[in-house]
1. For the range 99-258, what does the relative contact order come out to in percent, with C-alpha contacts under 8 Å and a separation of six or more?
2. When 382, 172 are ordered from fewest to most other Cβ atoms inside 10 Å of their Cβ, what list results?
3. I'd like the distance between the alpha-carbon centres of the range 140-181 and the range 39-60, rounded to an integer number of Å.
4. May I ask for the angle, rounded to the nearest 10°, between helix 107-119 and the longest principal axis of the chain, with both axes built from Cα atoms and the value confined to 0 to 90°?
5. Round to the nearest 10 and give me the degree value, 0 to 90, for the angle of helix 143-158's Cα axis relative to the longest principal axis of the chain.
6. When 123, 57, 243 are ordered from fewest to most other Cβ atoms inside 10 Å of their Cβ, what list results?
7. Any chance you could run the full-extension gain for residue 371 through residue 260? It's 0.36 nm times the residue separation minus the Cα-Cα distance, nm to one decimal.
8. Kindly identify the range 215-382 as rounded, prolate or oblate by the Cα gyration tensor criterion: order the square roots of the eigenvalues as a ≥ b ≥ c, call it rounded if a/c is under 1.5, otherwise compare a/b with b/c, prolate if a/b is larger, else oblate.
Ligand code: ADP
Ligand code: MG
């Protein structure tokens, strides 16, 4: 049933996930009065460094985290797709041959994936899907890509389609860009599809070349969610993309990846500041990989703070809440580095913390933030997990 190109495992042998598999199977049975045959899971991700570089064909360094969107599935009757979202407690039903936009929350992501797979020439079949996740949506941890990749894994499995995870990522990026209408870069889907446990994933977004970078055991990655909601459609995200494209055009290069720091002096503002961020951030990612490989965590931390300052002052995507969280982290013992992560305009910070300094981090950052501002920020200690996992049930 499930094909070799996708990693297939028996349940219970992969990464621990916080979603109860058994309860999702039970939910599927309650919703469709039959048993699921396949479980497809994809993780959210936190980007360690390399922000707003992906759509500029640059470098990024995401880590897939132990927050997941899971899809239980079984081949359906005829050409009908029936989908049930546990988290929205809502259903959807449509014909697999003609996915149309609904304009309504989660439904379009599922339909988008089917649309993009059909567009890529794959023959899909009817399917029943039950979907549940614990990636906090809209926080910059890429719940949308986790959803897309998990749905893609489920649709391919039930239709006996073999697709390499990298190709699946590109198909899901097209789904999000062209069907949902969010111009996200390819990092999120590649991280959700292709990551390896215990590693960060260096991606060259121009060539799509990837490399795994081992994470030292003595550190933990802590995400702090500022709880300032971020909706990309309503933020200047698309404007930043346009500014980067305009800067590249003025420089006569195909993307800012091709620009050197010395080239950008002649640009007008704000294009110069935007370009300076992108060009310097690419350099920081490569330095961060070197620092990780040589276990120079102090240097890695410095690069994270520099990245934050560049996003704040040059790229203009931070918020006072994120700035305060980073500042508190910088004054807390056992923290190597911190920065905003994701597109910005709210969402989360990522923090590189000594393993035995977690309690001090909570007191020095999360609790102090709460005392000073009444902020509802929460923290999440992340484990680096594998990308897309498909399990055959039964
Ligand atoms: P993010 O930064 O988390 O990717 P987006 O705005 O891109 O934020 O995507 C969030 C959207 O993805 C949600 O509004 C919802 O439509 C969909 N989504 C995320 N997680 C789930 C889930 N567990 N179940 C259903 N839909 C989900
Ligand atoms: Mg998203």
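Read-outs: derived from the displayed coordinates by stated rules, not from any lab. Keep in mind that this is a model prediction, so the values were computed, not measured. Every residue, glycine as well, gets a Cβ built from its backbone with ideal geometry; the counts of neighbours run over all protein chains shown.
1. Relative contact order for the range 99-258 comes out at 19 percent.
2. Starting with the residue having the fewest Cβ neighbours, the order is 382, 172.
3. Distance between centres, Cα-based: 14 Å.
4. Its long axis makes an angle of about 80 degrees.
5. 30 degrees
6. Listed from fewest to most nearby Cβ atoms, that is 123, 243, 57.
7. 35.6 nm
8. Oblate, since a/c reaches 1.5 and b/c is not below a/b.
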